[in-house]
């Protein structure tokens with residue numbers, strides 16, 4: 001047991017040192033999770049406004065231009081996980097994340113200038129969301145080593161992560177739960193880490209609770225498993241069988 | 001310059017053409033008068049060349065830039081939102097009514113290919129231009145300005161622009177001295193770059209060809 005704790009502690013230290021570039025993101029939000037009055041899913045005024053609009057994928061593709069520098073022209077992000085893959089993400093999720101970054105609920109200094117009001121309009125957020133929901137890429141996502149597949153699957157399903165994010169990692173459009181299948185390994189790992197530490201500002205309190213007791217290795221195993229899932233849209237056979 | 005003179009040579013306008021800039025530049029007349037574009041080019045062409053391909057690397061090429069973009073810059077120089085020691089002396093001499101035609105004129109001029117570059121520096125710049133700098137969250141320039149630097153109506157063409165000018169503008173965005181980027185995005189990007197990276201990108205921009213028609 002002592003050995004396990006020691007290994008865990010060392011593992012815990014390593015990624016924090018190597019991921020120094022991302023440390024700026026790991027700042028507790030004063031408006032988000034852990035702050036007084038934070039309620040997950042309570043609609044911000046801008047979210048109400050966006051949801052009333054009709055998004056347009058053609059306009060969205062053009063508006064996405066301002067995002068391409070980081071998320072790449074095919075919206076597949078960067079495979080090391082610095083920037084997430086956005087292809088096929090639910091429109092509701094994209095709207096929630098962009099508006100919450102902009103409102104400072106989710107602290108994200110890297111994205112801030114590009115998500116601000118003068119950079120992207122309310123209508124453009126709706127357009128981009130529709131565009132991304134149908135966007136596809138031929139590029140492979142960044143995957144884990146594949147060493148912890150069974151372990152990751154067990155943790156993901158028994159830990160009830162799949163209750164919300166789905167057994168295929170497909171998320172839930174109506175509830176704005178993100179699709180996480182085939183996301184970049186590095187991104188999955190980092191965000192789970194942030195959620196566990198309470199520094200992802202728009203975390204769902206249930207998820208913070210659910211992930212609390214997981215070790216760093218558990219998180220790596222789940223990230224490994226999720227990164228090796230096929231794009232949920234491509235697993236139609238399984239969907240039909242359900 | 002030669003082009004503009006050729007168009008008015010032999011006409012009675014020739015005298016007026018030389019008179020008007022003289023009058024405008026005199027300290028007595030400090031406000032603008034509308035003049036035909038051929039005559040106005042005597043003023044603009046002095047720094048930007050009458051075909052918009054400036055011979056002086058510190059002065060930007062205007063050829064092929066989006067007309068709306070040029071128009072907005074002229075307005076920003078006029079109202080002080082964009083500052084330039086050179087333009088601040090010139091812009092009061094130009095009537096605002098001419099802005100649209102001037103913008104349209106330079107927009108239609110054919111851009112010249114950029115000059116020789118330091119290939120090693122340009123290669124470093126290409127990396128940044130195409131991929132960004134992931135470690136310091138610098139987005140790829142190509143995301144907005146296109147792979148070929150052709151830009152769009154929202155993001156200006158930067159292909160074959162003078163490197164000295166590009167460096168100066170990026171440094172100005174970085175320091176906040178230039179703050180007329182509509183979406184405030186260039187300031188955010190330039191702040192994340194150091195001078196070495198800026199120089200490399202500027203070197204690569206010179207080699208870009210823009211849209212091939």
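Since every read-out is calculated from the coordinates, none of them should be taken as a lab result. All figures in this text were calculated on a predicted structure; none of them were measured in a lab. Ideal geometry is used to build each Cβ from the backbone, glycine not excepted, and the neighbour counts take in all protein chains shown.
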By per-residue mean of other Cβ atoms within 10 Å, what is the highest-first order of B:121-128, A:203-210?
-> B:121-128, A:203-210
Counting other chain Cβ atoms within 10 Å of each Cβ in B:141-150 and taking the mean gives 3
GNM, chain A, Cα, under 10 Å: largest mean-square fluctuation among A:120, A:98, A:39?
-> A:39
What distance in nm separates the simple spin-label points at residue B:101 and residue A:217, each placed 7 Å from Cα in the Cβ direction?
-> 7.8
Separation in nanometres of the label points that stand 7 Å from Cα toward Cβ, at residue B:154 and residue A:39 | 3.4
Binned at 5 Å from 0, what are the whole-percent values of the Cα-Cα distance distribution for the stretch B:119-207, short to long?
-> 3, 16, 27, 31, 19, 4, 0
Förster radius 41 Å - calculated FRET efficiency between residue B:34 and residue B:116 (Cβ-Cβ, nearest 0.05) | 0.50
Sorting A:80, A:224 on the 10 Å Cβ count, fewest up front, what's the list?
-> A:80, A:224
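Hey, fewest Cβ within 10 Å first, where do A:125, B:91, B:37 land in order?
Listed from fewest to most nearby Cβ atoms, that is B:37, B:91, A:125.
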Who wins for biggest fluctuation among A:159, A:186, A:55 in a Gaussian network model of chain A, springs between alpha carbons below 10 Å?
-> A:159
By Cβ neighbour count within 10 Å, fewest first, A:213, B:71 rank A:213, B:71
dims of the stretch A:31-187, Cα set, principal axes, largest to smallest, nearest Å -> 45, 40, 27
Note: A:62-71 gets an average of partner chain Cβ contacts (10 Å, Cβ to Cβ) equal to 5
Could you work out how far helix A:91-102 tilts from the main Cα principal axis of chain A, as a 0 to 90 degree angle to the nearest 10?
-> 90
